[in-house]
Amino acid sequence: MPIHEKSLIRPENIETHEELVIDGVDVSGHWSTFIKTRVVSDYNESLQEEIAALPGGEYIHRCWQCGSCTNSCTVNAINPDFNPRYWIYLIRMGMESELLRDKDIIWQCVSCNKCTYACPRDVFPEGVMKATSHWLEKKGHTPKSPSMHFDEVFTEQIVKTGKIEESRTIRRFFARTGQSLMQDWMIEMVKRMLRGLPVGMLTRMGLATFVAPRTRDWSKASAAIQEYIDEQHEKQAHALSLAELVETARNDAAA
Ligand code: SF4
Ligand code: SF4
């Protein structure tokens, strides 16, 4: 008998006997496929609240598991292991250790938002994927993802100057993620810009790489935004019990 959603069952939990006879009936091979009994005891009962405390995860409680997000997902189409519906299920059930098995692919969401438009319950699955990636990083399960580095570079620039200067953003993002600026596609893009853009615009762009453009009288707005960001980080750290985690790690290291 086929096992429904077999791809969700880890191979080590599936058992098939090459030769098996039960009550005189030969059920060898495919016919003797069983799912091993398993007991989950390490639930994190706060997992849903922790994800909901991070930007994008607020509406995870609305999910009714219809699967439309996974069916419409760009990444799932090329990698069936990328399954937003399943991860939302694990989070709502508090099955943290199961979720951690997929920690290295959750960040691969490309933010196309096809799931967001498909979701009948306005869960914003794309936001849940972002929140889950941030949760993995904040809890120390994964290093910062490239998209997290990009968000940080982007935010820092806005807070500091009130403007975005693309070449500065790209240079800093590349530096933080250890990438070379001299990549073939980058060289080609710059060549095309030099060929196609008006001289006035190129001059302004060139100057902006040396002197960052600023919004006039930005300092008060900058301070208010920074205060809000700090407040949010504090709330998130509290919701995720990060202080306790650090304390436990210190004690473990001392022991
Ligand atoms: S489409 Fe929405 S309601 Fe359906 S499984 Fe995905 S998140 Fe849940
Ligand atoms: S936003 Fe992410 S989860 Fe949603 S469909 Fe696109 S790749 Fe999939």
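Kindly establish whether Lys138 is under 30 Å from Ser222 (Cβ atoms) and either small (Gly, Ala, Ser) or away from ligand 2 (no atom under 14 Å from the Cβ) (or both).
Answer is yes for this residue.
Scanning region 60-82 for residues that are more than 20 Å from Asp122 (Cβ to Cβ) and assigned to a loop (DSSP other than H, G, I, E, B) yields Asn79, Pro80, Asp81, Phe82. Can you pull out every residue in region 86-123 that is within 10 Å of ligand 1 (Cβ to nearest atom) and either touching a Pro at 6+ places or on another chain (Cβ under 8 Å) or not in a helix (DSSP H, G or I) (or both)? The answer is Ile88, Cys115, Thr116, Cys119, Pro120, Arg121, Asp122, Val123.
When Gly206 is tested against (1) exposed (fewer than 13 other Cβ atoms within 10 Å of the Cβ); (2) in contact with a Gly (Cβ under 6 Å, 6 or more places away or on another chain), exactly one condition is not met: (2).
Looking across region 96-112, the residues that are of a type in the set (A, V, I, L, M, F, W, C), surrounded by 15 or more Cβ atoms within 10 Å (Cβ to Cβ) and within 16 Å of ligand 2 (Cβ to nearest atom) come down to Leu99, Ile106, Trp107, Cys109. Cβ separations smaller than 7 Å between residues 6+ apart or across chains give the following pairs from region 50-77 residues that are in contact (Cβ under 8 Å) with a residue 24 or more places away in the chain to residues that are aromatic (Phe, Trp, Tyr) and within 10 Å of ligand 2 (Cβ to nearest atom): Gly56/Phe124; Tyr59/Phe124; Cys73/Phe82; Val75/Phe82.
For residues that are within 11 Å of ligand 1 (Cβ to nearest atom) and either over 16 Å from Lys114 (Cβ atoms) or among the polar types (S, T, N, Q) (or both), tally how many sit in region 43-75.
Of the residues in that region, 11 qualify.
Inspection of region 136-153 finds a residue satisfying the criterion of being among the hydroxyl-bearing types (Ser, Thr, Tyr), away from ligand 1 (no atom under 16 Å from the Cβ) and outside any loop (DSSP other than H, G, I, E, B). Evaluated against (1) of a type in the set (Val, Ile, Thr); (2) more than 23 Å from Trp135 (Cβ to Cβ); (3) touching a helix residue (DSSP H, G or I) at 6+ places or on another chain (Cβ under 9 Å), Thr116 falls short on exactly one condition, (2). Of everything in region 113-127 that is within 8 Å of ligand 2 (Cβ to nearest atom) and under 15 Å from Glu58 (Cα atoms), the residue that is surrounded by the most Cβ atoms within 10 Å (Cβ to Cβ) is Pro125.
Restricting Ser68, Ser32 to those that are within 23 Å of the chain's Cα centre (by Cα) and surrounded by 13 or more Cβ atoms within 10 Å (Cβ to Cβ) reduces the list to Ser68.
Values quoted throughout were computed directly from the atomic coordinates according to the rules given, and no laboratory measurement underlies them. Note that the structure is a prediction, hence the values are computed from the model and not measured. All Cβ positions, glycine included, derive from the backbone under ideal geometry; neighbour counts span all protein chains shown.
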